[in-house]
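All remarks here apply to the structure that follows.
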Amino acid sequence: MRGKGGKRKLNLEQMLSMVKSGELDVEEAKARISAQFPTVEDLGFAQLDIEREKRTGFPEVIFGEQKTVEQLVAIFQKLKQHTDRILATRVDPEKAAEAMKSLGDITYHDQARILTWFKKPILKVHEGYVAVVCAGTSDLPVAEEAAIVCEAMGNHVERIYDVGVAGIHRLFAKLSLIRGANAVVVAAGMEGALPSVVGGLVSKPVIAVPTSIGYGANFQGLSALLSMLNACAPGIAVVNIDNGFGAGYYAGLINKNRSVQK
């Protein structure tokens, strides 16, 4: 069997043997391996990074916003050939319903606006847990995005919701649970004060997520973002406005690596 240019196709073991014997030089072998075993799947509208899981421990995640149903379905179908778990974030309910008709075996998490597919059930493979905390019920979509991402990475998640500073006694009632986590995600809108309070009460990394919830001078989350960036409590990292995915991924990595160290 010959590939493009009339060159005989060789499997990886044959190529390595020929390099060892001197029949094939290293540069030629690299070119052939790159051509025969691509690390990217070209769909025309998307270049899928199919080896990301090997490099980083988690497969490429689909950002669903502005993608068509047809594009989402095509990406899911292709990724299924290379991984045992797929996530698509920022998928609205109408688009999710259409995608589910085509794919069948995917799940929609409506509050988080995430589509997931798992070849087999995701187990809580890492020790410890991540605490996902949010200030108010209106912050739940961002908090749930973080929680679902954490769980997809094999982490246990404890959800502590509606414990904002306006009724701070609610936070204190859950403090032992929060302190027991290996990482804490805190989502808050309005003035964005909750991460500073939590950061001053725990010894674990805090990932702050400003949400776009608030009245006019909140500037769609900008005031909360600035508050969190200016937090005086140490140990706080800040992600972008409404970026529950980024916060959940970061917290999941912390918990995973904490488990490995143990």
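Here are a few things to note about the model shown:
- Any hit, region 213-231, residues being within 22 Å of T89 (Cα to Cα), crowded, with 20+ Cβ neighbours inside 10 Å and in contact with a Leu (Cβ under 9 Å, 6 or more places away or on another chain): no
- Which listed residue is closer than 30 Å to E53 by Cβ, open to solvent by 50 Å² or more (accessible area, probe 1.4 Å) and modelled with pLDDT of 95 or more, from E127, E145, E158: E158
- Residue in region 219-241 that is polar (S, T, N, Q) and under 17 Å from the mean Cα position of the chain (by Cα) present: yes
- Just one of the listed residues (A147, A131, A143) is farther than 28 Å from D105 by Cα and small (G, A, S), namely A131.
- Count of region 158-179 residues, restricted to those that are among the hydroxyl-bearing types (S, T, Y) and within 26 Å of the chain's Cα centre (by Cα), is 1.
- Selection within region 240-250 - in contact with a helix residue (DSSP H, G or I) (Cβ under 6 Å, 6 or more places away or on another chain) and part of a helix (DSSP H, G or I): G244, F245, A247, G248, Y249
- Meeting the requirement of 3 or more residues that are touching a strand residue (DSSP E or B) at 6+ places or on another chain (Cβ under 7 Å), the helices (runs of 4 or more DSSP H) wholly within region 28-142 are 69-79, 93-103.
- Scope region 40-53; condition farther than 22 Å from A112 by Cβ, charged (D, E, K, R) and surrounded by 11 or more Cβ atoms within 10 Å (Cβ to Cβ); matching residues: E41, D49, E51
- Scan of region 91-106 for residues that are within 18 Å of E145 (Cβ to Cβ) and either surrounded by 12 or more Cβ atoms within 10 Å (Cβ to Cβ) or of a type in the set (D, E, K, R) (or both), ordered by number: V91, D92, K95, A96, A99, I106
- Candidates in region 232-246 are the residues that are touching a Ser or Thr at 6+ places or on another chain (Cβ under 6 Å) and open to solvent by less than 40 Å² (accessible area, probe 1.4 Å); of these, the one that is modelled with the lowest pLDDT is A233.
- For region 54-67, residues that are of a type in the set (V, I, T) and surrounded by fewer than 13 Cβ atoms within 10 Å (Cβ to Cβ) total 1.
The values are calculated or read from the model by the stated rules, or taken from the named source; none is laboratory data. A quick note: this is a predicted structure, and the numbers were derived from the prediction, not measured. Heads up, the Cβs are rebuilt from the backbone with ideal geometry, glycines too, and the neighbour counts pull from every protein chain shown. Heavy atoms of the whole protein, side chains included, go into the accessibility calculation; ligands, DNA and RNA do not. Shrake-Rupley method; radii C 1.70, N 1.55, O 1.52, S 1.80 Å.
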